1. Check I108, I113 and return the single one that is surrounded by 18 or more Cβ atoms within 10 Å (Cβ to Cβ) and under 27 Å from K192 (Cα atoms).
2. Before we move on, is I184 buried (at least 16 other Cβ atoms within 10 Å of the Cβ), in contact with an Asp or Glu (Cβ under 8 Å, 6 or more places away or on another chain) and modelled with pLDDT of 95 or more?
3. Out of L99, L56, L23, L68, report the one residue that is surrounded by fewer than 19 Cβ atoms within 10 Å (Cβ to Cβ) and under 26 Å from the mean Cα position of the chain (by Cα).
4. S93: in contact with a strand residue (DSSP E or B) (Cβ under 6 Å, 6 or more places away or on another chain), more than 28 Å from I185 (Cβ to Cβ), in contact (Cβ under 8 Å) with a residue 60 or more places away in the chain and polar (S, T, N, Q), yes or no?
5. Out of (1) under 26 Å from E144 (Cα atoms); (2) surrounded by 15 or more Cβ atoms within 10 Å (Cβ to Cβ), the odd one out for Y242 is which?
6. Which condition does L81 not pass, out of (1) over 24 Å from S117 (Cα atoms); (2) more than 25 Å from the chain's Cα centre (by Cα), if it passes all the others?
7. At least 1 residues that are among the hydroxyl-bearing types (S, T, Y) in each: list the helices (runs of 4 or more DSSP H) lying fully within the range 90-178 that qualify.
8. Quick one: how many residues across the range 180-214 are assigned to a loop (DSSP other than H, G, I, E, B) and under 16 Å from the mean Cα position of the chain (by Cα)?
Amino acid sequence: MKLFSNHLYIVSTPIGNLDDITLRALEVLKNSDIIVCADTRRSIKLLSHYIIRKKLISYHKFNEKRQLLNIIKYFNEGKILSIISDAGTPLLSDPGRLLLNHCLKNEIKVVPIPGVSSITAASSVSGFKDQFLFYGFLPKTINELEKVLSSLSNNKFTQLFFIPSKKINFYLSSFKKYFSGRKIIIAKEITKIHEEFYREDIDKIKMMNSSFKGELTVIISNQDSNTKKIDEEKIVNKAKKYLKRYSLKDTVDLILETEIVNRKKVYNLCLKTKNEKN
């Protein structure tokens with residue numbers, strides 16, 4: 001396989017099981033002069049397994065801008081460069097977009113070397129509809145998280161997230177609030193010895209006691225239109241009852257005490273019910 005110096009090769013690597021690497025990926029890595037990677041310590045384990053010894057450049061979110069100049073220098077010297085992530089397909093919730101856009105602007109051809117991705121691996125065993133939205137990592141603060149989930153809860157498609165294992169219960173609490181009526185899959189250590197897929201209704205799932213490692217791939221099922229209709233009817237019936245005695249705000253608060261749903265949705269339904277009464 002012939003490689004070219006004015007190309008950037010985006011190489012997918014295994015997400016756990018080292019045997020999942022493709023023959024083409026190995027060929028590209030063996031023939032690269034420079035391999036750009038997030039964590040050199042993790043990348044060395046993979047490369048050593050396949051007896052590949054190349055110059056590695058650490059490239060992550062904290063040095064992305066600074067390292068860009070060094071990488072450009074290697075392109076100008078006619079070096080063959082490839083980029084890998086710690087696991088899976090580069091640039092998906094990983095640094096590298098700055099470098100890629102520089103290449104596109106400067107007529108450096110970008111070549112994908114496809115392979116493993118936890119996104120497709122988890123989706124393929126989910127049983128959910130394959131029209132999905134991939135979000136990646138969610139916000140870490142509750143205020144920002146609720147803004148995002150409030151918007152995403154209106155999307156009827158299957159939704160996929162990356163979650164730090166230590167924060168799973170933090171996110172589960174919000175999923176229960178905004179995705180009531182849907183199903184959830186929590187995929188851990190995909191392709192590894194302790195690979196597991198936890199499947200449950202979001203309304204029934206309990207907080208996790210197990211100690212997970214690394215990142216989790218979480219999939220929320222597509223929205224069931226029938227479930228949505230039943231929930232709305234239930235809320236409207238409660239609104240009619242409460243609005244006879246309470247203000248709009250108090251009615252919304254009372255409904256939210258027993259219903260784990262989006263506040264904005266409840267407010268809009270209550271407002272509509274109130275206006276119809278008048």
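The values are calculated or read from the model by the stated rules, or taken from the named source; none is laboratory data. From a predicted model like this one, the values you see are computed outputs, not experimental measurements. Using ideal geometry, Cβ is built from the backbone for each residue, glycine included, and neighbour counts are taken over all protein chains shown.
1. Matching residue, one of I108, I113: I113.
2. Against the criterion (buried (at least 16 other Cβ atoms within 10 Å of the Cβ), in contact with an Asp or Glu (Cβ under 8 Å, 6 or more places away or on another chain) and modelled with pLDDT of 95 or more), I184 qualifies.
3. Values: L99 fails: surrounded by fewer than 19 Cβ atoms within 10 Å (Cβ to Cβ); L56 fails: under 26 Å from the mean Cα position of the chain (by Cα); L23 fails: under 26 Å from the mean Cα position of the chain (by Cα).
Sole residue among the options that is surrounded by fewer than 19 Cβ atoms within 10 Å (Cβ to Cβ) and under 26 Å from the mean Cα position of the chain (by Cα): L68.
4. Here the answer is no, as S93 does not meet what is asked.
5. Going through (1) under 26 Å from E144 (Cα atoms); (2) surrounded by 15 or more Cβ atoms within 10 Å (Cβ to Cβ) one by one, Y242 breaks only (1).
6. (1)
7. Working: elements: 97-105, 118-124, 142-152, 168-178.
So the answer is 118-124, 142-152, 168-178.
8. Within the range 180-214, residues that are assigned to a loop (DSSP other than H, G, I, E, B) and under 16 Å from the mean Cα position of the chain (by Cα) number 3.
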